[in-house]
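Written below as structure tokens is the structure these notes are about.
The values are calculated or read from the model by the stated rules, or taken from the named source; none is laboratory data. Remember, it's a predicted structure, so these values are computed and weren't measured experimentally. We place every Cβ from the backbone using ideal geometry, glycine too, and count neighbours over all the protein chains shown.
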Amino acid sequence: MSLPAPPPRAIAPWIFTLLIAPFGMQGGFLGVTLAYQLGEAKVSTEAIAGLVALSYVPQTWKFFWAPVVDLTWTRRGWYFAALLTTVAGIVAMGWFGADGRAMGWLTVAVLAASFASTVIGMAVESLIAHSTPDDQKGRAAGWFQAGNLGGSGLGGGLALWLIQDRGLSVTASALTLAAVCLACGAPLLRLAEPAADTAQAKLDFRAHLRTLAADLWSLVRSRPGALGMLICFVPMCTGAAANLWSPLAAEWQATANTVAFVNGAMGGVIAALGCMAGGFLCDRMDRKLAYCLFGLLMAAVTALMALAPRTEFVFIVATSTYAFVTGLTYAGFSGVVLEAIGRGAAATKYSLLASLANMPIGFMTFVNGWSHERWGSSAMLFVESAAGVAAVLLFLVVARLSRR
């Protein structure tokens, strides 16, 4: 008589900070380090914005492959396969993005790294769901978001500092960042996880698709679900301007070291603090209303930055405030989505709403670059601010009408 397999050993919540950090690092390396280097190489802001916006394409369609990660192989297997692919993508981004002369190959590397990072996120989210006791999941989610935001700051700030302050090449800084990413996955090596049974996985996959279709239909038909999808899809709380701080820093007389510090390590810490504050507020008021208020606050920050003098001090204060508000919106987004999806196929439904939320981020990043090339940075900031206010008003009108 065989004994039942013991339940998975609980993972300390702080480990999720390390595991998800590579997800943020590849985005930070693109949005801060490469964006700054491409700007120095006289690549247009519009082209840089287009490249960053393109990196969101895999993030907007990831719900299609989320069930595969849920039901096949092992979470550890998917994580390390995705981690190695992401690391290779970061190195390729450093190799092709040094001087802006190989934009075609750089685009391929960016898409590959972004695609792989979606699988990293899914594997870690699944580990949180299956390896964390119920009474610790809130704390684990907080560590998870801190790793995402902090990893983004580290990925951009560390690599840019190595280039500007230590004289490393872009490729060498990418290799250093790749080594850090590999180290972040080390805690998962000791996790004991049984391999999935292939035949059972296929049966489960077909059953999962049927259940998922029913869950998605229920989500769309319900008022909370429909409003949750709308609030994710409109350009509210996008934080898209942060993707262009690096190439625009010179307009505020900000040095490379300032960009590396403010939009790197310090920006990641500030955003993580904003995430914690946002979670605190979302537990004490209506989550959708909180998300709308965060959107209006972000619009106010961008408008004030457009009106303020172009000095390095203003750049530091404005981008730091923007980072804190971005942290608020991350917490608000998680609160709204978790409230909307309920139970059932939660992981895939979360990926669906996260995919919807990435669409306006990519779109607004492109719009910001386009408007900057035609009318300048002040107009760019006003355009993002106006889009945020319009999105909030549209959502409030639809929410009021839907009460009938």
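Answer yes or no: is there a residue in the stretch 167-185 that is small (Gly, Ala, Ser) and over 24 Å from Asp99 (Cα atoms). Yes: the stretch 167-185 contains one or more residues that are small (Gly, Ala, Ser) and over 24 Å from Asp99 (Cα atoms). For the stretch 223-232, taking the residues that are more than 15 Å from the chain's Cα centre (by Cα) and surrounded by fewer than 24 Cβ atoms within 10 Å (Cβ to Cβ), the one that is modelled with the highest pLDDT is identified as Leu230.
Checking every residue in the stretch 383-393 against the condition of being touching a residue at least 60 places away in the same chain (Cβ under 8 Å) and under 23 Å from Ser222 (Cβ atoms) gives at least one match.
Condition check ((1) surrounded by fewer than 20 Cβ atoms within 10 Å (Cβ to Cβ); (2) part of a helix (DSSP H, G or I); (3) at pLDDT below 80) across all residues:
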site: Thr326; (1), (2), (3): no, yes, no
site: Leu356; (1), (2), (3): yes, yes, yes
site: Met380; (1), (2), (3): no, yes, no
site: Val389; (1), (2), (3): yes, yes, no
site: Leu393; (1), (2), (3): yes, yes, no
site: Leu396; (1), (2), (3): yes, yes, no
site: Leu401; (1), (2), (3): yes, yes, no
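Looking only at residues in the stretch 187-216 that are at pLDDT 75 or above and surrounded by 11 or more Cβ atoms within 10 Å (Cβ to Cβ), the one that is nearest to Val68 (Cα to Cα) is Leu188. Every condition in (1) surrounded by 24 or more Cβ atoms within 10 Å (Cβ to Cβ); (2) small (Gly, Ala, Ser); (3) closer than 30 Å to Leu38 by Cα; (4) out of contact with any Gly (no Cβ under 9 Å at 6 or more places or on another chain) holds for Gly239 except the one numbered (1).
Output the residues belonging to the stretch 57-116 that are among the small types (Gly, Ala, Ser), within 24 Å of Ser173 (Cβ to Cβ) and either crowded, with 17+ Cβ neighbours inside 10 Å or within 19 Å of the chain's Cα centre (by Cα) (or both). Those that are among the small types (Gly, Ala, Ser), within 24 Å of Ser173 (Cβ to Cβ) and either crowded, with 17+ Cβ neighbours inside 10 Å or within 19 Å of the chain's Cα centre (by Cα) (or both): Ala82, Gly89, Ala92, Gly94, Gly97, Ala98, Gly100, Ala109, Ala112, Ala113, Ser114, Ala116.
When each of Ala340, Ala272, Ala347, Ala290 is tested for being surrounded by 16 or more Cβ atoms within 10 Å (Cβ to Cβ), at pLDDT below 95, farther than 17 Å from Glu384 by Cβ and in contact with a Pro (Cβ under 6 Å, 6 or more places away or on another chain), the lone residue that passes is Ala340.
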